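Below: one structure, written as structure tokens.
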């Protein structure tokens with residue numbers, strides 16, 4: 001089969017999917033959210049070498065790390081499509097709990113409790129692009145570094161996205177234009193009987209498309225021809241083809257009355273216009 005060549009280049013807008021729901025994209029979104037909402041501590045991705053990490057901020061740090069995920073049952077019969085649950089841990093490291101001994105919260109910098117609450121508020125309900133809203137699962141005390149006096153807590157959040165198998169590239173040409181036909185008869189226009197002559201290819205091209213209710217007779221109107229036996233009507237194209245074994249002679253002039261409805265041409269660059277001329 002010969003290659004399909006479009007009559008004009010595609011000049012429409014390319015489809016851009018939402019942010020891919022991969023691990024790195026989701027984690028980057030969470031880090032950006034925390035940085036935008038909490039300015040009092042360092043917010044960063046969990047370091048590759050945690051044993052070498054040193055808390056340089058006087059107040060503390062919130063470090064985001066992918067904890068793992070779960071996959072739901074298959075929800076499509078024709079492709080691998082599953083719900084995917086992402087779990088992200090936020091490690092909170094602070095130098096103070098925020099409490100003076102036996103007294104109310106104090107200090108110029110936020111303590112662990114205030115920071116935990118601030119992170120919970122910032123992430124709960126936050127919609128990661130391409131995923132559901134984040135929701136908290138649990139939080140716990142990890143330990144205290146006695147040398148540095150750093151308190152460490154761990155908060156766990158989850159969000160759900162979709163896991164879909166990689167689809168092969170489709171080599172079909174992009175849609176350049178399409179024609180929409182009125183099928184409800186709302187815009188029907190009746191054309192009275194007029195004479196038309198079959199060409200050398202045994203066809204008559206009517207002035208309109210989206211044609212219905214064709215009535216064909218001989219030029220005098222005395223002999224009526226039957227659809228299917230004497231001729232074939234292509235309603236969409238408004239074309240009539242003579243049946244060689246029928247009663248219409250080659251090159252004959254016939255009388256045709258028909259109705260047509262509006263057809264709208266939509267093009268890739270945008271915009272549309274009715275293509276059927278008025279009566």
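A few remarks follow.
- Relative exposure of 80, 119, 38, judged by other C-beta atoms within 10 Å (fewest first): 80, 38, 119
- Residue exposure sequence - 113, 258, 71 - by fewest surrounding Cβ within 10 Å: 71, 113, 258
- Its relative contact order, with pairs defined as Cα atoms under 8 Å and 6+ residues apart, puts the range 23-164 at 25 percent.
- Shape class for the range 23-164, computed from the alpha carbon gyration tensor (a ≥ b ≥ c): prolate, with a/c not under 1.5 and a/b above b/c.
- Cα centroid separation - the range 143-168 against the range 199-225, whole Å: 74
- Prolate/oblate/rounded call for the range 160-213, Cα gyration tensor, a/c under 1.5 rounded: oblate
- Put simply, the C-alpha atoms of the range 133-279 give a gyration tensor, and the ellipsoid matching it has half-axes of 70, 17, 13 Å, longest first.
- Sorted peptide list for 133-141, 22-30, 82-90, 49-57, criterion being average Cβ within 10 angstrom, highest first: 82-90, 22-30, 133-141, 49-57
- Sequence-separation-based contact order of the range 177-274, relative, with Cα cut under 8 Å and 6+ spacing, percent: 43
FYI, it's all coordinate maths here, none of it is from the lab. Given the structure is predicted, the values throughout are model-derived calculations rather than measurements. So basically every Cβ, Gly included, is an ideal-geometry build from the backbone, and we count neighbours across all protein chains shown.
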